[in-house]
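The values are calculated or read from the model by the stated rules, or taken from the named source; none is laboratory data. The model shown is predicted, which means the values in this text are computed figures rather than measured ones. Note that each Cβ is placed from the backbone with ideal geometry, even for glycine, and that neighbours are counted across all protein chains shown. The area values use the complete protein model at the heavy-atom level, side chains included, leaving out ligands, DNA and RNA. Shrake-Rupley method; radii C 1.70, N 1.55, O 1.52, S 1.80 Å.
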Amino acid sequence: MTTNIFKELKKELQDGLTQKEHPFKYFTLATVGLDHVARLRSIVLREFSDDFKITFFTDKRSKKVIHIKENNKVSLLFFHPQKMIQLKIEGIATIIKDDKILEAYWKRTPDHLKKDYTTTSAPGSAISDNTNIEYLTNENHFCLVSIEAKKIEYLKITKPNHLKIRYSKENNKWNGEFLVP
């Protein structure tokens, strides 16, 4: 049974890429930096591979990048309200630094999204007026982060009993075990 559910959760993540309105298009990323405070933010799923690598875009000056450099262990939370499915994924984040890879992704990024990575000030910087943000014209701060999943907790909220399964990756193979919900 855990194998069938694993296939289901994988399909839901793939659908998060291909279906614009799918709830898994967006997820919550949790990081913990040197200050030992959990920081959470909403992220857009940009890539999901068969080997459970999850990729998103960000500004390389963002706090999340700083936190990942300090501690690359991250958690992701996906929730599907119609199906009442929650996925908690623990993994190792890697900041992609290869210029050729970054350039290829940058070229594929729609122009209307590129401005998010070209502000003169870093994300989270204080400003006096949100209509007066300055943008760079010939450079960007585009960054790719890839997360290699190590553990996945699947929770299906249902009656009469909730269903919870933990999947752990060992020797490049996923093993599932039922948990008390």
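Taking a cut-off of 16 Å, what percent of all Cα-Cα pairs in the stretch 29-90 are separated by more than that? Every Cα pair in the stretch 29-90 considered, those over 16 Å come to 51 percent. Pairs of Cα atoms nearer than 8 Å and 6+ residues apart set the relative contact order; for the chain it is 21 percent. Checked against a 24 Å cut-off, the cross-linked pairs Lys63/Lys114; Lys25/Lys150; Lys60/Lys173; Lys25/Lys53 give Cα-Cα distances beyond that limit for Lys60/Lys173.
Taking each residue as 0.36 nm, the span from Arg166 to Trp106 lengthens on full extension beyond its C-alpha to C-alpha distance by 18.0 nm. When a 1.4 Å probe is rolled over the protein heavy atoms, the share of accessible surface on the stretch 1-128 that falls to carbon and sulfur comes to 53 percent. Quick one: accessible area per residue over the chain, 1.4 Å probe, rounded to a whole number of Å²? On a per-residue basis, the chain sits at 61 Å².
Once each of the GluC sites (Glu not before Pro) sitting in a DSSP loop with at most 10 other beta-carbon atoms within 10 Å is removed, the chain keeps 22-133 as its longest stretch. Under the convention that each Lys and Arg Cβ holds +1 and each Asp and Glu Cβ holds -1, the size of the dipole of the chain around its Cα centre is about 540 debye.
Kirkwood-type hydrodynamic radius, the chain: 17.8 Å, calculated from all non-identical alpha-carbon pairs.
Stretching the chain fully between Leu17 and Asp35 yields a gain of 3.2 nm (0.36 nm per residue, less the alpha carbon separation). Over the stretch 8-85, Cα pairs under 8 Å with separation of 6+ residues give a relative contact order of 32 percent. Count Lys and Arg as plus one, Asp and Glu as minus one, and take only other residues whose Cβ is under 11 Å from that of Tyr117; the net charge is then +1.
Placing unit charges on each Cβ (+1 for Lys and Arg, -1 for Asp and Glu) gives the chain a dipole about its Cα centre, and among Leu87, Val145, Gly176 the Cα reaching farthest toward its positive end belongs to Gly176. Charge tally around Tyr154: other residues with Cβ under 12 Å, Lys/Arg +1 each, Asp/Glu -1 each, net +4. A straight line joining the Cα centroids of the stretch 85-131 and the stretch 32-73 runs 10 Å.
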